[in-house]
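Worksheet: one structure, shown below.
The values are calculated or read from the model by the stated rules, or taken from the named source; none is laboratory data. Predicted model only: the values in this text are computed from it and were never measured. Cβ atoms come from the backbone with ideal geometry, glycine included; neighbour counts cover every protein chain shown.
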Amino acid sequence: MSIENPSRREFLKTTVTTACSAAIGASGAGEIFAPSPRPNLVATTPSPAPLPIKKGVLLDMLPAKLSHADRMKMARDVGFEVIQAPTTPDEHEAEEIKKAADGASVRIDSVMNMDHWQYPLSSSDPAVVEKSMAGMRTSLQNAKLWGSDAVLLVPAVVNPQTSYRDAWSRSQKEIRKLLPLAEELKIVIAIEEVWNKFLLSPLEMAAYIKEFQNPWIQAWFDVGNVLLYGYPQDWIRALGKSIVKVHLKDFKRKENGYEWVNLGDGDVDWEAVRAAFREIGYAGSAITELKAGDEAYLRDVSRRVDRLVLGRT
């Protein structure tokens, strides 16, 4: 994204004429009048333009008691532009979600795959892996139906049964099998970093994605997830143009752990995050991933995104 340079202001110089009056008299002395003080003009730098990031919300943050149609309308009315919806194998529900989004004039821009934690691609059990692969195929088809352009994927889980090296190689092997479908449907598989003991640094995550050498594998960056072991602004700069989607959340470190909190109430340095997004020219969507709430709560979240992330006053 190109950023306009601050306009330059020309300072007006105040010209003061020194008037000398020669007195013709016994003293022969003249009076010299001091110049008037210069006005204190200070050049101010205009605030940067708000970031062109699309403001989004998880479908699950909207009141569950409402119909899909009313949830979508609420999302629009409180200021959100896009939705992230969870995968559904129910074709009727998938059509209902699409109709609701179309009716409210909001876009479902991404899909949350629901099987990657319970059934990780890094498992040594073929049945578990196939369950995960089936979930991803459904997610990609949901994305196509809804007009989305990305599916979130947690690629692997490291645990006592799965080494780091195996998690890396097994997950890459399975993801490569999904690439033909992703390319056919024109849907990006977006790899997210989470608390799965895998991809623990931005350089490592960048390397994992780069090894595919495929435009249909990119990064999904979660601002809050990296706070335990890094700084979001550092991750943003390291991942750079590979970031296609963003999750927004915040948490506060405590003496005996941490607490998930609303945006701006935790330890994320939002000014630094905003500067990093501006630096890499990020113009995708940023989806709030917080607890569910009522309309007043969602309006407050929307305003917080405006102020903290987009830089709107």
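Every residue in the stretch 257-304 that is closer than 20 Å to Y231 by Cβ, among the hydrophobic types (A, V, I, L, M, F, W, C) and either touching a residue at least 60 places away in the same chain (Cβ under 8 Å) or assigned to a strand (DSSP E or B) (or both), please. Within the stretch 257-304, W260, V261, F277, A286 meet the criteria.
The residue that is surrounded by the most Cβ atoms within 10 Å (Cβ to Cβ), counting only those in the stretch 48-64 that are out of contact with any strand residue (DSSP E or B) (no Cβ under 6 Å at 6 or more places or on another chain) and part of a helix (DSSP H, G or I), is M61.
Counting only residues that are among the aliphatic types (A, V, I, L, M), buried (at least 18 other Cβ atoms within 10 Å of the Cβ) and within 19 Å of Q218 (Cα to Cα), the stretch 245-291 holds 5 of them. Being over 21 Å from the mean Cα position of the chain (by Cα), among the charged types (D, E, K, R) and closer than 30 Å to K291 by Cβ is the requirement here; does K197 meet it? Taking the combined requirement at face value, the residue satisfies it.
Scanning the stretch 172-204 for residues that are touching a Phe, Trp or Tyr at 6+ places or on another chain (Cβ under 8 Å) and part of a helix (DSSP H, G or I) yields a total of 7.
If only residues of the stretch 80-133 that are of a type in the set (V, I, T) and either at pLDDT below 95 or surrounded by 19 or more Cβ atoms within 10 Å (Cβ to Cβ) (or both) are counted, the one that is farthest from L310 (Cα to Cα) is V129.
Look through L181, L199, L203 and report the one residue that is at positive phi and modelled with pLDDT of 95 or more. Before you say what the answer is, go through the steps one by one.
On the way: L181 fails: at positive phi; L203 fails: at positive phi.
Only one candidate qualifies: L199.
Of the conditions (1) under 16 Å from the mean Cα position of the chain (by Cα); (2) at pLDDT below 95; (3) closer than 30 Å to A167 by Cα, Y258 fails just one. Which one is it? Result: Y258 passes all but (1).
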